[in-house]
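Reviewing the structure listed below.
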Amino acid sequence: AEVTAETPVELKNFLGGGAYTLTGVVKALGFKPYDGSITIEGGRYDGEMLLGAFCNSRLAGGGQQLAPNAMIDDGLMDLTLVRPFLPHELPKVIEEINNPSE
């Protein structure tokens, strides 16, 4: 949400959708993980996280797949949690988001 709100209109006009990527990268360079706890049925997570999203459908804003197993009509909320990772681990993180374990 911050990236969308803070991407300048002039940059959007110049780069189109790439403006959001550029703004996101700039923000990510100075990003500090959140420290917190999440308790859900069957488990608890305590520690640092970059992203925590409860989803009732597969896609987030802009069509980004965030919860591939989520079904809008199953009465459940899916949790996507991204813990801190090193830059070279990004392909693995993306793969795990796209193909999560149950």
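The values are calculated or read from the model by the stated rules, or taken from the named source; none is laboratory data. Bear in mind that the values here come from a model prediction, so they are computed numbers and not experimental data. For neighbour counting, all protein chains shown are included, and Cβ atoms are generated from backbone atoms with ideal geometry for every residue, glycine included.
Just one of the listed residues (Tyr45, Tyr20) is within 17 Å of Gln64 (Cα to Cα) and either of a type outside the set (Lys, Arg) or assigned to a helix (DSSP H, G or I) (or both), and it is Tyr20. If you check Ile72, Ile97 for being touching a residue at least 24 places away in the same chain (Cβ under 8 Å) and among the β-branched types (Val, Ile, Thr), only one passes: Ile97. For the residues Gly16, Gly52, Gly24, the requirement of being at positive phi and not aliphatic (A, V, I, L, M) singles out Gly16.
Residues being of a type in the set (Gly, Ala, Ser), out of contact with any Leu (no Cβ under 8 Å at 6 or more places or on another chain), under 19 Å from Ala1 (Cα atoms) and not assigned by TED's automatic domain parsing to the domain that holds Leu11 are entirely absent from the stretch 69-89. In this structure, is Thr21 over 30 Å from Asp74 (Cα atoms) and surrounded by 14 or more Cβ atoms within 10 Å (Cβ to Cβ)? Against the criterion (over 30 Å from Asp74 (Cα atoms) and surrounded by 14 or more Cβ atoms within 10 Å (Cβ to Cβ)), Thr21 does not qualify.
Pairing each residue of the stretch 9-22 that is in the same structural domain as Gln64 (by TED's automatic domain parsing) with any residue that is surrounded by 11 or more Cβ atoms within 10 Å (Cβ to Cβ), provided the two are 6+ apart or on different chains, yields no C-beta distance under 6 Å.
Considering only the stretch 1-11, state which residues are more than 21 Å from the chain's Cα centre (by Cα) and surrounded by 12 or more Cβ atoms within 10 Å (Cβ to Cβ). If the condition is that a residue be more than 21 Å from the chain's Cα centre (by Cα) and surrounded by 12 or more Cβ atoms within 10 Å (Cβ to Cβ), then Leu11 is the only one that fits.
Residues checked against (1) modelled with pLDDT under 80; (2) in contact with a helix residue (DSSP H, G or I) (Cβ under 6 Å, 6 or more places away or on another chain); (3) charged (D, E, K, R):
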residue: Glu2; (1), (2), (3): no, no, yes
residue: Thr7; (1), (2), (3): no, yes, no
residue: Lys12; (1), (2), (3): no, yes, yes
residue: Gly24; (1), (2), (3): no, yes, no
residue: Ser37; (1), (2), (3): no, no, no
residue: Ala53; (1), (2), (3): no, no, no
residue: Gln64; (1), (2), (3): yes, no, no
residue: Ala70; (1), (2), (3): no, no, no
residue: Ile94; (1), (2), (3): no, no, no
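Okay, residues lined up against (1) in contact with a strand residue (DSSP E or B) (Cβ under 7 Å, 6 or more places away or on another chain); (2) part of a loop (DSSP other than H, G, I, E, B); (3) within 23 Å of Pro33 (Cα to Cα); (4) charged (D, E, K, R):
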| site | (1), (2), (3), (4) |
| --- | --- |
| Phe54 | yes, no, yes, no |
| Ala67 | yes, yes, yes, no |
| Ala70 | yes, yes, no, no |
| Asp74 | no, yes, no, yes |
| Leu79 | yes, no, yes, no |
| His88 | no, no, yes, no |
| Pro91 | no, no, yes, no |
| Ile97 | yes, no, yes, no |
